[in-house]
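Asker: Next up is a structure, given as structure tokens.
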Amino acid sequence: MRSFCDFEIYFEGYFHGELSPAEELALQKHLQTCPTCPTRIEAYYSLHSALKGYRRPLPPAGLRQSYYQQAALSYERETFTQKFILLLYRLTSSRSPAFRFAQLLMLVLSGLIAGWILFSSPEPKLYIPPPSVTSLSSPVSQEEINYVYYYLLASEMILLDIENSMEQAEIYLDRELAQTLLIKTFRVHEIALQINNLQLLNFVSQMQLLLHQISNINPTEISDYIDTIKMVIKEAKLLSNVKILERTFKNFHPQAGT
Amino acid sequence: MDPDRRLVRFAKSGNTAAFGSLVRKYRDPVLSLAYDYLHDYELAKDVAQDTFVKAFRHINEFREQSFFSTWLYRIVVNTALDARKSQKRRKAERGLFKEKTAEPSVQAPAEPFLNLDDSVIQALNRLSENQYTVLVLRYFNDLSVREIAGILECSENTVRIHLHRAMQKLQAELRRGKKKR
């Protein structure tokens, strides 16, 4: 069975030289001990090299020249705002009766608009700001913080997979990752209790239910349940919550795994 | 600091020559990025042209919290994605009403990607919109995770996850392709 490894997510940054020295060192150490990652990183590297070899064909003859000419026109045309400013300027510089009538009309209109803004009832707010980032209330070990952080990363991965499945003909759900996460959920729940972080506690409980559902669904019947799962994610705001929690735990995550 | 800051400030004050310099600087990268989405230079040209018109119209709304290039690429990505959707819709409609309409088909290039295997191309076409976008920006346009996060207005972790998933999916598709052969 294919199991998810916390370090897989660092492969891509490793080949692009974008990992911090601590992350790179942790990954190198991990590669010496992990039984599966060395094979996976090799496969990853061959695909990485293939993609790096991508080249676009040259544009057809003459296209580039006509494109350059058209691109130059894009800023020579007057925009609506510029036209409006110019019209105002022309109006203010004339003293005709038409201009005076326009002035009076604008005065009445601005009065009406100001009255409408002042006396109309305020619209209900559609956007409710997310809760602020909470801080950890009691110290926990670095290992436990890393454990929670990786759990959150993997949870975001699962949630994004479900979100992405809407755009695809086939539904992609990593059931092995869901099962691995479900096992990890219990420890994260304990840590959440230990540090008394209600936000994490709520998130873990909701994830637990969701992971249960995903792990137990028959792969052939997954399309029947995907809308229900999406609704649960949307109603519980799991994606926005996981991002807030990631920020909370990232501050306590100076190294990639210890 | 944004290397285009001075030009952007001049362009905001209505200096069209400054905007012209920005267009000259970015016209090739913008065309290339649009091509990566559409694989059709005629359509890519329209998207690139549209991008500059939008950028010129809304330059005063650019708050300079990111680089100008990030803001411009965000416009390209959104415009190209819209064009890609209508391209797909047109193709589907053409397939449905093949006999009824005699609309000429959009000329597709013989080789939309050079140096890439057919299996990789097929696998690329099966990625989701987000996964394809991050892959295009990362591998075909050499942007960093931070820059991509700026363009897509999401966290760096989200970009890493999309990249990781895209690579995993490509590997799986390639393995499946090899087995079939």
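The values are calculated or read from the model by the stated rules, or taken from the named source; none is laboratory data. Fair warning: this is a prediction, and the values are worked out from it, not measured in the lab. Glycine gets a Cβ as well: all are built from the backbone with ideal geometry, and neighbour counts include every protein chain shown. Heavy atoms of the whole protein, side chains included, go into the accessibility calculation; ligands, DNA and RNA do not. Shrake-Rupley method; radii C 1.70, N 1.55, O 1.52, S 1.80 Å.
Asker: Within the range A:178-191, can you find the residues that are in contact (Cβ under 8 Å) with a residue 40 or more places away in the chain and either within 14 Å of A:GLU143 (Cα to Cα) or open to solvent by 40 Å² or more (accessible area, probe 1.4 Å) (or both)?
Answerer: Of everything in the range A:178-191, those that are in contact (Cβ under 8 Å) with a residue 40 or more places away in the chain and either within 14 Å of A:GLU143 (Cα to Cα) or open to solvent by 40 Å² or more (accessible area, probe 1.4 Å) (or both) turn out to be A:ARG187, A:VAL188, A:ILE191.
Asker: While we're on this one: Does A:TYR54 satisfy the condition of being more than 30 Å from B:THR16 (Cβ to Cβ), within 7 Å of chain B (Cβ to nearest Cβ) and under 27 Å from the mean Cα position of the chain (by Cα)?
Answerer: It is true that A:TYR54 is more than 30 Å from B:THR16 (Cβ to Cβ), within 7 Å of chain B (Cβ to nearest Cβ) and under 27 Å from the mean Cα position of the chain (by Cα).
Asker: Suppose we filter B:HIS39, B:HIS58 for residues that are within 23 Å of B:ILE121 (Cα to Cα), at pLDDT below 90, open to solvent by 20 Å² or more (accessible area, probe 1.4 Å) and within 14 Å of chain A (Cβ to nearest Cβ); which single one remains?
Answerer: B:HIS39
Asker: A follow-up question, please. Across the range B:1-33, which residue is least open to solvent (accessible area, probe 1.4 Å) among those that are small (Gly, Ala, Ser) and outside any helix (DSSP H, G or I)?
Answerer: B:GLY14
Asker: Right, next: Just to verify a result, which residue in the range B:74-83, among those that are over 13 Å from B:GLN49 (Cα atoms) and not aliphatic (A, V, I, L, M), is least open to solvent (accessible area, probe 1.4 Å)?
Answerer: Ranking the candidates gives B:ARG74 first.
Asker: Same structure, new question: Just to be sure I understand, how many residues within the range A:1-42 are facing another protein chain (nearest Cβ under 8 Å) and open to solvent by less than 40 Å² (accessible area, probe 1.4 Å)?
Answerer: Residues that pass the stated criteria total 5.
Asker: Looking at the range B:1-36 only, could you name the residues that are within 11 Å of chain A (Cβ to nearest Cβ) and in contact (Cβ under 8 Å) with a residue 60 or more places away in the chain?
Answerer: Matches in the range B:1-36: B:SER32, B:LEU33, B:ASP36.
Asker: Moving on. I'd like to know if the range B:80-88 contains one or more residues that are in contact with a Phe, Trp or Tyr (Cβ under 8 Å, 6 or more places away or on another chain), outside the structural domain of B:ASN125 (by TED's automatic domain parsing), on the phi < 0 side of the Ramachandran plot and basic (Lys, Arg).
Answerer: Scanning the range B:80-88, I find at least one residue that is in contact with a Phe, Trp or Tyr (Cβ under 8 Å, 6 or more places away or on another chain), outside the structural domain of B:ASN125 (by TED's automatic domain parsing), on the phi < 0 side of the Ramachandran plot and basic (Lys, Arg), so the answer is yes.
Asker: Looking at (1) at pLDDT 90 or above; (2) open to solvent by 10 Å² or more (accessible area, probe 1.4 Å); (3) facing chain A (nearest Cβ under 9 Å), which is the one condition that is false for B:GLU147?
Answerer: Of the numbered conditions (1) at pLDDT 90 or above; (2) open to solvent by 10 Å² or more (accessible area, probe 1.4 Å); (3) facing chain A (nearest Cβ under 9 Å), the odd one out for B:GLU147 is (3).
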